[in-house]
Amino acid sequence: MGAAKSSDERKDEVDQVLDNLRRIVHMLYGHSRRVERLAELTSAQAWLITTLSRMETTKVSDLARAMHLSPSAVIRIVSRLEARGLVVRIRSSNDHGIIKVALTHVGMKLAGIIPAIPQGLLLKGLSELPPDRLRAVSEVLESLVRILGARELTPRLFFAPVANLPASDIVDRQGRSRPFPGGGHDPLKRLAHGSGR
């Protein structure tokens, strides 16, 4: 009888884990759809706009740090937003090698109507966790990735086609990352300096 009860308790815990994962995915997906309908933006683009609205004009590296993304991922998002006239790249007057990013007037207006970003809530909450709790969350997620056999997959932004990779990596058709051929010839690095689209 005790073994049956233990088995039931284990099933309840597994159910709770699955339900919590469903809640998280549902919230992220729901936000992504709302932003897409409201402003025709991906969740990653909306996140960049809201982050940049708090930082004003800033370097790509500082924006990447604030978003917990690689600079190459941020550059790709910036390029798409620049093509829509929502952000601009500004070359520093002191150092011509430094490119800063700012919202246009239209981008600023858009930032005011974008709903709260779940990723921002996640970052804030995770940053405030005590170190042992944060380590526990990290270990649990690592276990889930291992269970799903997803360790080789490239970490992509939620519901967006942008991978969070170092500038020296590319992604193959299966979504796995590998070093960019030729090392330093990554075209994304050219985008960081404002040459190319």
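A short reminder: the numbers here are calculations on the coordinates, not readings from a lab. Since this is a predicted model, take the numbers as computed values, not measurements. Note that each Cβ is placed from the backbone with ideal geometry, even for glycine, and that neighbours are counted across all protein chains shown.
Compared with the direct C-alpha span, the chain from L18 to L123 gains 35.6 nm at full extension, assuming 0.36 nm per residue. When you filter the GluC sites (Glu not before Pro) in region 1-61 for DSSP loop state and at most 14 other Cβ atoms inside 10 Å of their Cβ, you are left with E40, E56.
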